[in-house]
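Here the structure comes first, spelled out in structure tokens, and everything after it is commentary.
Throughout, read-outs are computed from the coordinates displayed, never taken from laboratory work. All values derive from a computational prediction rather than experimental measurement. No Cβ is skipped: glycine too gets one built from the backbone with ideal geometry, and neighbour counts run over all protein chains shown.
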Amino acid sequence: MVVYESEVLACLEFPRMERNTLIKHDKILIADDNVSIRSTLKNLLVQNHYIVEDAGNGIEALQKAAVFSPDLILLDIIMPDMDGLKVLKTIRENHHTQDIPVIMVTSQDKGKDIQTGFELGANDYVTKPFDADLLLAHIRRHLQIKKRMDQIKNEKEDLFVTNQLITTLHAKKKTRDILYCLVQKISEHIQVKRCSVIRIGKNMSEGIVEATSDGPEIQDLKIDLNKYPEIMEALQRRSVVVIPDIDKDERMSMVREILHEIGCFSLMVVPITHGDDLIGTLLLSTARSKETFNEREIRFLKGISNAAKSALLNAQVFESVEHNDKTAVASFDSLTNLCGYYSFLEAGEKEIYRAKRYKSHLSLILIDINQFRKVNEIHGIEKGDQALRIIGRLINESIRKSDLAARCQGDDFAILLPETSLIGATVQAKRFQKLAFKNPTLHELGVSVQVGVSSMEETEVQSAIDLIHAAEIDLQRQKTGPFAL
């Protein structure tokens, strides 16, 4: 796949997301054996838009900390079964909970208990009876600190993954491989069920899946965008669209059952733009049922895409050079100064059409060097190339201006003869065979040629390949006949 510069850059420039799209409410765990205090704290926190769980003893607090994954814990010191200090010690020893900020809420104003709490890893403390505004200020402060620490930790992790991906991408030469590697790594790192890059068609109603994390074999898959309401909305608004819960979103009513079948519960679509042009989308789906996509994941997508820019541009240059090389090989064979095989086939199609339309003759000569491999083995590749050059020169010297000669594959050559009957082509083929036989250099190298002839007179022809195939059959017959050289 050749990706032009505008398309390459388009895969990398993500527009700003709407800030209110991804609101994440902080989660707080209250651990206190006093039912009245737990109720008061819970009502206060819920009114301030926090998600709250509570526990009546130390063991329950540890269990809920593991399952609920709170952003902050309000921890009473004096509790039955396991006191707050032991709970705190266990929290700090657990890899999954060790970074959760803990505020001790205690009626004890004893310096020793507070000191022990700080030594065990408490972040702060408030005393009962507490002032609601002061408690909320403490909570906000520690949540802000935690968010900043989490951001630093996540950025470090994302940077590590991005650097790994850059190394991998630069080792790949094909844009298709780069795009697949990109969607696969995105899918793994932010734990989505599926990630796809979709190019938008000219009429804005058709999309082409260029790469998807479902597998490298899925490519150039056309989709009807009218069946993807989330993509259509992202295209119209030119902004990120997030569907947190497909069961609660009316836009997904027509496709809800299909999404359920593939285990998809939430979606995100990121429009891909280049300047004012809308090129495509990055479509992500997830099986998460409680959490939707967050701002960190959006930042990661931007960073990883920008980091891949140079690799994609390098691949574009490589493919452009490779494409030009293939075009050159297809149109001209520099070793023999003859036409390239694919250009020969294209010209053959035109000559066949002309011959059919005007009911004229068209024939083909196929030339094969006998046991050419032995020439290379005995005399070396340079001498083999010399033999090919001589054959090419002899062909050019023996054909008419209206004829077309090409090097087909390896040591095979073909000559297309417009306005020439089968008899005329046979005469010319034998003449060339003798010409090659008399060449002193070819004779010294032990090189001889065999020829086969075909014509539209004798063969039902639909393409140039049909003429070549018929000539191959004749060539094999000539090799075993009485006049073989």
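Figures for the structure shown
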item	result
Residue-count net charge about Leu72 - beta-carbon cut-off 9 Å; Lys, Arg +1, Asp, Glu -1	0
Cα-based shape type of segment 76-122, given that a ≥ b ≥ c are square roots of the gyration tensor eigenvalues and the cut on a/c is 1.5	prolate
Rounded to 5, percent antiparallel among DSSP beta bridges of segment 334-479	95 percent
Rough spin-label spacing in nm, given labels placed 7 Å along Cα→Cβ, for Asn154 and Gln47	3.0 nm
Protection proxy ranking of 65-71, 410-416 - average other beta-carbon atoms within 10 Å, highest first	410-416, 65-71
Within-13-Å neighbourhood charge of Ala425 [Cβ basis; K, R +1; D, E -1]	-2
Alpha-carbon Debye profile of segment 334-479, log10 I(q)/I(0) at 0.15, 0.18, 0.19 Å⁻¹	-0.70, -0.99, -1.09
Shape box of segment 27-130 [Cα atoms, principal axes, largest first, Å]	33, 32, 23
